1. Those residues that are charged (D, E, K, R) and either modelled with pLDDT of 70 or more or over 14 Å from Leu34 (Cβ atoms) (or both), I need them from segment 6-19; list them, please.
2. Yes or no: Glu60 at pLDDT 95 or above and more than 11 Å from the chain's Cα centre (by Cα)?
3. Yes or no: segment 71-80 includes at least one residue that is within 15 Å of Phe37 (Cα to Cα) and either hydrophobic (A, V, I, L, M, F, W, C) or surrounded by fewer than 13 Cβ atoms within 10 Å (Cβ to Cβ) (or both).
4. Which residues, taken from segment 54-78, are in contact (Cβ under 8 Å) with a residue 12 or more places away in the chain and closer than 20 Å to Arg17 by Cβ?
5. When residues of segment 56-98 are filtered for being under 15 Å from Met30 (Cβ atoms), acidic (Asp, Glu) and in contact with an Asp or Glu (Cβ under 8 Å, 6 or more places away or on another chain), how many remain?
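The values are calculated or read from the model by the stated rules, or taken from the named source; none is laboratory data. This is a predicted model, so every value here is computed, not measured. Backbone-built Cβ (ideal geometry, glycine too); neighbour counts: all protein chains shown.
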Amino acid sequence: MSGLTRSSDGLDERRRRILFRAWHRGMREMDLILGNFANAEIETLSDPDLDAFEELLEPEDQTVFSWISGTEPIPPEYDTPLFAQIRAFHLSGRGLPD
């Protein structure tokens, strides 16, 4: 997968920024997990979900990856409905290339 596959055309500035940051994390695995989720869902996320997504972009990649993979417990402040949605999306394989 080459990365960003969704155009940011038609998105407001906040969604464009989140989409870019989701694809430019530093750790390729997190680019794929968060980037693919953002490609699929960015248009439909509510303002509270966008807040939660922006907060999830702050911790180190390896830390977030350990939460998503289940090797470390998720701190309560990050254990949001959006995090559960991202994890379910990842575990479903919907974001993986064919």
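1. Listed by number, the residues that qualify are Asp9, Asp12, Glu13, Arg14, Arg15, Arg16, Arg17.
2. Working: at pLDDT 95 or above: yes; more than 11 Å from the chain's Cα centre (by Cα): yes.
For Glu60, the condition - at pLDDT 95 or above and more than 11 Å from the chain's Cα centre (by Cα) - is met.
3. There is no residue in segment 71-80 that is within 15 Å of Phe37 (Cα to Cα) and either hydrophobic (A, V, I, L, M, F, W, C) or surrounded by fewer than 13 Cβ atoms within 10 Å (Cβ to Cβ) (or both).
4. Residues satisfying the conditions are Glu54, Glu55, Leu56, Leu57, Pro59, Asp61, Val64, Tyr78.
5. Total meeting the criteria: 1.
Residue-by-condition table, conditions (1) in a helix (DSSP H, G or I); (2) at pLDDT below 95; (3) loosely packed, with under 15 Cβ neighbours inside 10 Å:
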residue	(1), (2), (3)
Leu4	no, yes, no
Asn39	yes, yes, no
Asp51	yes, no, yes
Ile68	yes, yes, no
Ala84	yes, no, yes
